[in-house]
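Notes follow the structure.
Please treat every number below as a calculation from the coordinates, not as lab data. The model shown is predicted, which means the values in this text are computed figures rather than measured ones. Counting neighbours? That spans all protein chains shown, and the Cβs are built from the backbone with ideal geometry, glycine included.
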Amino acid sequence: MRIGMTLPVMEPALDRAVLERWTKEIDAGPWSSVCFGERICFDNPETLTLLGAVGAWTRRARIVTTVVVPQLHDPVRLAKSLATGDLLCDGRLTVGFGVGGRTEDYRAVGADPATRTIAGMAERVAVMRRVWAGEDVTGGRLPVGPPPVQAGGPELLVGTLGPRTVRASAAWADGLAGMSLDLDLDQMAQLFAGARTAWSEAGREAPRLTTSFWFALTETAAGGDARAQMHVHLRRYMNWMPTEVVDALAPVAGFAGNREELREVLDRVAALGTDEVQLVPTSSDPRQVELLADIVG
C-alpha cells in the first residue's frame with residue numbers, strides 16, 4: 001500500500017511559504033502523492049490555481065485532487081484546466097470527482113443545486129472525456145486543448161462514502177477516492193468489496209482503491225492532546241453542520257495518537273487490499289511530514 005499526504009489547505013493563516021514547504025517536503029520524501037481538495041465557501045486556496053503551483057513545485061509525487069465537484073464548473077473549461085495541470089506536472093495528475101455535500105458552494109458560483117446528482121456528475125465527466133480525446137465539442141475552429149499528457153486524460157476516481165455512487169460510477173471511474181470519517185474498517189472493507197463487484201459486472205479492470213482519513217499526532221499537538229486538535233479542526237472545517245453533530249463525531253473521528261499507533265492502523269488498512277491511503281492533517285505544522293516519513297518509508 002502506498003501512502004500519500006494531503007496539504008493542510010483547510011487550516012487557517014496559510015501563505016505561499018507554508019504551502020510550498022509542505023509540497024516540496026512531500027515530494028522529496030517517501031510519500032506517493034500530494035493531495036488537496038475543493039471548497040468554495042471557505043478560506044482554502046482555489047483548487048485549480050493550486051494545481052498549477054503544485055505541478056511546478058514537484059518533480060516526483062503524484063498529484064491528487066480529492067475531490068473536485070464538476071457541477072461547480074463549466075465542463076469544457078474544467079477539462080482544459082485539468083489538461084493544463086496534467087501538462088504542468090508531466091502526466092502525474094489523478095482527479096477525484098464527487099457531487100459535494102454543501103449546497104452553499106453550488107449557490108456561491110451560480111450552479112443549480114438540482115444538478116447535485118450522480119447522473120449530473122457523469123454527464124460532465126463524459127464531456128470532459130470527449131475534450132481530452134480531441135473531439136470537437138464547441139463547434140470552434142480547433143479542438144479545446146492542450147491535450148493531456150496521459151492518453152485519454154488523467155486517472156479519474158470517484159469520491160464517495162456509499163455503495164450507490166460506487167455502482168453508478170463503475171462505467172467511467174478508474175477507482176475510488178474514499179474518505180473514512182471514523183476509521184470503521186468493516187465499512188471500508190464493504191465499500192471496497194462493492195467496488196470490486198461493480199467494476200467486474202461493468203466489464204472493467206479491478207478498480208484502484210484509495211481512501212483517506214484525518215490524523216492528529218501527539219508529538220505535534222499542543223500540549224500533546226491530539227484528540228483536542230482533531231476537535232478544533234472539525235469545528236472549523238465542518239462549519240456547515242450543526243455544532244452538536246460535529247461535537248458528537250469528534251471523539252471518534254479519524255486517528256489521534258502517536259506514530260506507532262498510526263503504523264498499526266495503516267497495517268490494518270493495507271490488509272484490506274487498499275492501493276493507497278492519503279493522510280489528512282489537522283494542523284499546518286510541517287513537522288508531521290518529517291515525523292511520519294519513517295513509517296511511510
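Output the relative contact order of segment 200-296, whole-number percent, from Cα pairs under 8 angstrom with separation of 6+ residues.
43
I need the peptides 175-181, 282-288, 118-124, 10-16 ranked by packing, meaning the mean over residues of other C-beta atoms within 10 angstrom, with the highest value on top.
Descending packing order for the listed peptides: 175-181, 282-288, 118-124, 10-16.
With only Lys, Arg, Asp and Glu charged, each at its Cβ (+1 for the first two, -1 for the last two), find how big the charge dipole of segment 74-167 is about the Cα centre; round to the nearest 20 debye.
180
Pulled fully out, how much extra length does the chain show between VAL109 and ALA293, if you take 0.36 nm times their separation in residues and subtract their Cα-Cα distance?
Gain in length upon complete extension: 62.4 nm.
Using a Förster distance of 35 Å, how high is the FRET efficiency between THR138 and ALA206, based on the Cβ-Cβ distance and rounded to 0.05?
Efficiency, from the Cβ-Cβ distance: 0.50.
Calculate I(q)/I(0) for segment 1-136 by the Debye formula, one identical point scatterer on each C-alpha and no solvent, and give its log10 at q = 0.14, 0.15, 0.17 Å⁻¹ to two decimals.
Evaluating at q = 0.14, 0.15, 0.17 Å⁻¹ gives log10 I(q)/I(0) of -0.65, -0.75, -0.94.
In nanometres, what is the gap between the two model label sites at THR218 and ASP15, each 7 Å from Cα along Cα-to-Cβ?
A separation of 3.4 nm, rounded to one decimal place.
Which ³J(HN,Hα) values in Hz, rounded to whole numbers, follow from the phi angles of segment 179-187 under the Karplus curve 6.51 cos²θ - 1.76 cosθ + 1.60, where θ = phi - 60° and Gly and Pro get x?
8, 9, 6, 10, 6, 7, 6, 5, 5
Under the rule of at least 5 residues apart or a separate chain, name every residue whose amide H is placed under 5 Å from the amide H of ARG2.
Sorted by chain and number, the residues that satisfy this are GLU276, VAL277.
Please list log₁₀ I(q)/I(0) at q = 0.16 Å⁻¹ for the chain, using the Debye equation with identical point scatterers on the alpha-carbon positions.
Debye intensities relative to I(0), on a log10 scale: -1.44.
Kindly express, to the nearest 10 degrees and within the range 0 to 90, the angle between helix 259-270's C-alpha long axis and the longest C-alpha principal axis of the chain.
Here the helix axis deviates by roughly 40 degrees.
Explain nothing, just the number: dipole magnitude of the chain about its Cα centre with +1 on each Lys and Arg Cβ and -1 on each Asp and Glu Cβ, in debye rounded to the nearest 20.
So the dipole magnitude of the chain works out to roughly 740 debye.
Mind pulling the angle between the C-alpha long axis of helix 226-237 and the longest principal axis of the chain? Nearest 10 degrees, somewhere in 0 to 90.
Result, in degrees: 30.
What size of dipole, in debye to the nearest 20, comes out for segment 4-116 about its Cα centre when the only charges are +1 on Lys and Arg C-beta atoms and -1 on Asp and Glu C-beta atoms?
Dipole size: approximately 260 debye.
Can you tell me the orientation of helix 16-28 relative to the chain, as the angle in degrees between its alpha-carbon axis and the longest Cα principal axis, to the nearest 10?
Orientation of helix 16-28: about 90 degrees from the principal axis.
In deg cm²/dmol, rounded to 500, what helix-only [θ] at 222 nm does the chain give when every DSSP H run of at least 4 residues adds -39500 (n - 2.57) and the total is split over its residues?
Only helices count here, giving -12500 deg cm²/dmol.
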